[in-house]
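Asker: Would you mind keeping the following structure in view while I ask a few things?
The values are calculated or read from the model by the stated rules, or taken from the named source; none is laboratory data. None of these values were measured; they are calculated from a predicted model. Here the Cβ positions follow ideal geometry from the backbone for every residue, glycine too, while neighbour counts run over all protein chains shown. With ligands, DNA and RNA removed, areas are computed over all heavy atoms of the protein, side chains included. Shrake-Rupley method; radii C 1.70, N 1.55, O 1.52, S 1.80 Å.
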Amino acid sequence: MKTIYSEILKAQSQKRKLLAVLLDPDKLVLETIDTLISKINRSPATHIFIGGSLVFSNNINQLIIIIKKQCGLPIVLFPGNPSQIADQADAILFLSLLSGRNPDFLIGHQVEAAPILKKTTLEIIPTAYILIESGNTTAVVKVSKTKPIARNQPEIAVATAIAGEMLGNKLVYLEAGSGAKFSVPLTTIGAVAQNISVPLIVGGGIKSQNEIQQAYEAGADLVVIGTAFEQNLDFFNDFINPASNHV
């Protein structure tokens, strides 16, 4: 049986790069969602992530149902807390914020979410979530009340990622944060990629096709685009499929 994670592993083994569009349910307007989905369908995206640090919307399942009617991409939850669990999605990144020491984000929310997830058919993908300093205070830093790893300390990011893999996480996610001033440094991406065997996700602050390509070349297996697409639905119009040169 094919799973989303097994397909990510397959892409990694084939050196085929992946791209996720991150959608914040609070910023989606039902009246214009058809246009948004049409733009995603014409983009090089391979996955749709849904979620955010602060989500007040209670219609995540409704949005997913609408998206699925018009788009065949796998939909993966990227939750800030257990209230964002939606059983109409295909999978969930079961995040543990390893860069911080707030017990709520290390294990507290996970304990709260576990009984809920047990009743769903969601594919659960344990993910080591690591925040990297981005030049400003992002929403995830405010909400998690944790300090990101300094940009000039890639060795700490590497050790944290290794620990995450040793703990059994199936993905490592380096995050600068939504609306980050600076994306994750390429040196950090490269150092982490060289020291783990699980797939590496990189997101936050990436604003151009060139930056996506640079992240791939540094070692990212999957890049996440959120704010750049959110602010400009034509973001992908002139894109050459970033994955095409890596198959």
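Asker: Filter segment 105-132 down to the residues that are touching a residue at least 40 places away in the same chain (Cβ under 8 Å) and farther than 20 Å from ILE196 by Cα and list them by number. First the steps, then the outcome.
Answerer: Taking segment 105-132 and keeping what is touching a residue at least 40 places away in the same chain (Cβ under 8 Å), we get 105, 122-123, 125-132.
Across segment 105-132, the qualifying residues are PHE105, LEU122, GLU123.
Asker: Please go through segment 47-80 and give me each residue that is surrounded by fewer than 20 Cβ atoms within 10 Å (Cβ to Cβ) and within 23 Å of LEU200 (Cα to Cα), ordered by number.
Answerer: SER53, LEU73, PRO74, GLY80
Asker: If you take the residues in segment 135-177 that are among the charged types (D, E, K, R) and in contact with a helix residue (DSSP H, G or I) (Cβ under 8 Å, 6 or more places away or on another chain), which one is surrounded by the most Cβ atoms within 10 Å (Cβ to Cβ)? Even if it seems obvious, please write down each step before you answer.
Answerer: Going residue by residue through segment 135-177, those that are among the charged types (D, E, K, R) are 142, 145, 147, 151, 155, 165, 170, 175.
If we keep only those that are in contact with a helix residue (DSSP H, G or I) (Cβ under 8 Å, 6 or more places away or on another chain) too, we end up with 147, 151, 155, 170, 175.
Working: LYS147: 13, ARG151: 17, GLU155: 12, LYS170: 18, GLU175: 27.
Checked segment 135-177; the qualifying residue surrounded by the most Cβ atoms within 10 Å (Cβ to Cβ) is GLU175.
Asker: Scan segment 212-243 for residues that are outside any loop (DSSP other than H, G, I, E, B), small (Gly, Ala, Ser) and surrounded by fewer than 23 Cβ atoms within 10 Å (Cβ to Cβ) and jot them down. Talk me through it step by step, then tell me what you get.
Answerer: Of all residues in segment 212-243, those outside any loop (DSSP other than H, G, I, E, B) come to 212-218, 222-225, 227-231.
Of the ones still in play, those that are also small (Gly, Ala, Ser) are 215, 218, 228.
Within segment 212-243, ALA218, ALA228 meet the criteria.
Asker: I'm trying to understand the selection: among the residues of segment 131-190, which are farther than 17 Å from ILE225 by Cβ, not in a loop (DSSP other than H, G, I, E, B) and not aliphatic (A, V, I, L, M)?
Answerer: LYS142, SER144, PRO154, GLU155, THR160, GLY164, GLU165, THR187, THR188, GLY190
Asker: Could you look through segment 81-101, keep only residues that are of a type in the set (S, T, N, Q) and open to solvent by 30 Å² or more (accessible area, probe 1.4 Å), and pick out the one that is nearest to SER6 (Cα to Cα)? Steps first, answer last, please.
Answerer: Step one: filter segment 81-101 for residues of a type in the set (S, T, N, Q), giving 81, 83-84, 88, 96, 99.
Filter once more, keeping what is open to solvent by 30 Å² or more (accessible area, probe 1.4 Å): 81, 83, 88.
Values: ASN81: 25, SER83: 27, GLN88: 20 Å.
Checked segment 81-101; the qualifying residue nearest to SER6 (Cα to Cα) is GLN88.
Asker: Name the pairs: first residue in segment 39-63 and touching a residue at least 24 places away in the same chain (Cβ under 8 Å), second residue surrounded by fewer than 16 Cβ atoms within 10 Å (Cβ to Cβ) and of a type in the set (S, T, N, Q), Cβ to Cβ under 6 Å, at least 6 apart or on different chains?
Answerer: PRO44/ASN241
Asker: Please specify each residue of segment 11-47 satisfying the condition of being over 18 Å from the mean Cα position of the chain (by Cα) and charged (D, E, K, R).
Answerer: We begin by selecting, within segment 11-47, every residue over 18 Å from the mean Cα position of the chain (by Cα); these are 13-15, 29-39, 41-42.
Within segment 11-47, LYS15, GLU31, ASP34, LYS39, ARG42 qualify.
Asker: Hey, PHE56 hits all of (1) among the aromatic types (Phe, Trp, Tyr); (2) closer than 21 Å to TYR129 by Cβ; (3) touching a helix residue (DSSP H, G or I) at 6+ places or on another chain (Cβ under 9 Å) but one; which does it fall short on?
Answerer: Condition (2) is where PHE56 drops out.
Asker: What's the total number of residues in segment 14-25 that are closer than 15 Å to GLN231 by Cβ and at pLDDT below 95? Lay out the reasoning, then the answer.
Answerer: Our first condition is that a residue be closer than 15 Å to GLN231 by Cβ; within segment 14-25, this holds for 21-24.
Remaining after also requiring at pLDDT below 95: 24.
Qualifying residue count for the region: 1.
Asker: Now for a different question. Can you name the residue in segment 191-211 that is outside any strand (DSSP E or B) and within 14 Å of the chain's Cα centre (by Cα) and, of all such residues, is nearest to LYS17 (Cα to Cα)?
Answerer: Applying the first criterion (outside any strand (DSSP E or B)) to segment 191-211 yields 191-199, 204-211.
Subset that is within 14 Å of the chain's Cα centre (by Cα): 199, 204-206.
Values: PRO199: 10, GLY204: 17, GLY205: 19, ILE206: 16 Å.
Looking at the filtered set, the residue picked out is PRO199.
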